[in-house]
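Trainee: Here it is: the structure, laid out below.
The values are calculated or read from the model by the stated rules, or taken from the named source; none is laboratory data. As the structure is a prediction and not an experimental result, all values here were calculated from the model. Cβ placement follows ideal geometry from the backbone for every residue including glycine, while neighbour counts extend to all protein chains displayed.
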Amino acid sequence: MGRIYLMAGSAAISMFALAATAHVQQAGGTADEARAMLAKAVVAVKTDKVKALEMFNKGDSEFLDRDLYVFCNNIGDGAVVAMGNPNAKKLIGMDVRTLKDSTGKPFGQELYSGEQAPEGQVAEVSYMFPRPGSDKTPVQKVALVEKAGDLGCGVGYYK
């Protein structure tokens with residue numbers, strides 16, 4: 001009888017460990033999920049730019065998933081026109097090219113440069129940036145950016 005309890009207890013501990021591991025894996029978005037969200041965002045911009053920007057800024061569930069969100073800026077003047085990160089709304093209206101991370105890296109210029117590539121080409125930019133809902137401590141982030149008409153849009157994932 002004692003052996004059955006031991007086996008049941010061992011199985012419960014194993015299931016708990018697997019659940020905890022699955023939870024950790026689901027905490028943040030992946031590179032593939034970021035790439036898929038970016039592709040969806042580009043289609044949305046090309047279909048109806050005004051509606052797409054509203055959805056991005058509102059944090060529509062299609063474009064805000066855990067720590068994945070869409071951001072966009074004008075290709076011409078670099079002005080940020082959409083920011084799905086609720087903690088970074090103050091960036092709307094700023095020139096993306098002026099943004100630097102906590103280490104002083106001018107990542108905004110790199111984002112802007114990546115968006116200048118022909119449509120359909122995705123550029124990657126690495127920098128430090130706070131996660132949405134975090135204590136504002138910057139962590140390593142990789143943004144995938146692409147030109148979408150007269151906008152440059154991106155989705156980043158945290159490492």
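Trainee: Contact list please: Cβ distance under 6 Å, first residue in the range 89-108 and under 17 Å from Gly154 (Cα atoms) and assigned to a helix (DSSP H, G or I), second residue aromatic (Phe, Trp, Tyr) and at pLDDT 95 or above, pairs at least six apart or on different chains.
Mentor: Partner pairs satisfying both residue conditions: Val96/Tyr112; Arg97/Tyr112; Phe107/Tyr127.
Trainee: Of the residues that sit in the range 43-57 and are among the hydrophobic types (A, V, I, L, M, F, W, C) and under 18 Å from the mean Cα position of the chain (by Cα), which one is surrounded by the fewest Cβ atoms within 10 Å (Cβ to Cβ)?
Mentor: First pass over the range 43-57, keeping only residues among the hydrophobic types (A, V, I, L, M, F, W, C): 43-45, 50, 52-53, 55-56.
Right, trim to under 18 Å from the mean Cα position of the chain (by Cα) and you get 43-45, 52-53, 55-56.
Details: Val43: 11, Ala44: 21, Val45: 24, Ala52: 25, Leu53: 18, Met55: 20, Phe56: 25.
By that ranking, first place goes to Val43.
Trainee: Looking only at residues that are in contact with a Phe, Trp or Tyr (Cβ under 9 Å, 6 or more places away or on another chain) and surrounded by fewer than 21 Cβ atoms within 10 Å (Cβ to Cβ) in the range 108-128, which one is nearest to Lys49 (Cα to Cα)?
Mentor: Out of the qualifying residues, it is Glu110.
Trainee: Let me ask something additional. Which residues, taken from the range 139-159, are under 14 Å from Val80 (Cβ atoms) and among the aliphatic types (A, V, I, L, M)?
Mentor: Once the filter is applied, which keeps residues that are under 14 Å from Val80 (Cβ atoms) and among the aliphatic types (A, V, I, L, M), the range 139-159 yields Ala143, Val145, Leu151.
Trainee: How many residues are over 21 Å from Lys89 (Cβ atoms) and not polar (S, T, N, Q) if we restrict to the range 28-55?
Mentor: Here the count works out to 11.
Trainee: For the range 129-159, how many residues meet the condition of being among the hydroxyl-bearing types (Ser, Thr, Tyr) and surrounded by 15 or more Cβ atoms within 10 Å (Cβ to Cβ)?
Mentor: Matching residues across the range 129-159 total 2.
Trainee: Quick check: is even one residue across the range 67-84 more than 16 Å from the chain's Cα centre (by Cα) and farther than 18 Å from Leu111 by Cβ?
Mentor: No, the range 67-84 contains no residue that is more than 16 Å from the chain's Cα centre (by Cα) and farther than 18 Å from Leu111 by Cβ.
Trainee: In the range 58-85, how many residues are assigned to a helix (DSSP H, G or I) and surrounded by 19 or more Cβ atoms within 10 Å (Cβ to Cβ)?
Mentor: Residues meeting the conditions: 1.
Trainee: Of everything in the range 109-132, what is in contact (Cβ under 8 Å) with a residue 60 or more places away in the chain and within 18 Å of Met83 (Cα to Cα)? Give them in sequence order.
Mentor: Within the range 109-132, Arg131, Pro132 qualify.
Trainee: Which numbered condition in (1) more than 19 Å from Thr47 (Cβ to Cβ); (2) out of contact with any strand residue (DSSP E or B) (no Cβ under 8 Å at 6 or more places or on another chain) is the only one that Gly149 fails?
Mentor: Here Gly149 meets the rest and fails (1).
Trainee: Would you please list the contacts, defined by Cβ atoms under 7 Å and residues six or more apart or on different chains, that run from a residue in the range 40-65 that is at positive phi to a residue that is part of a loop (DSSP other than H, G, I, E, B) and buried (at least 17 other Cβ atoms within 10 Å of the Cβ)?
Mentor: Gly59/Gly84
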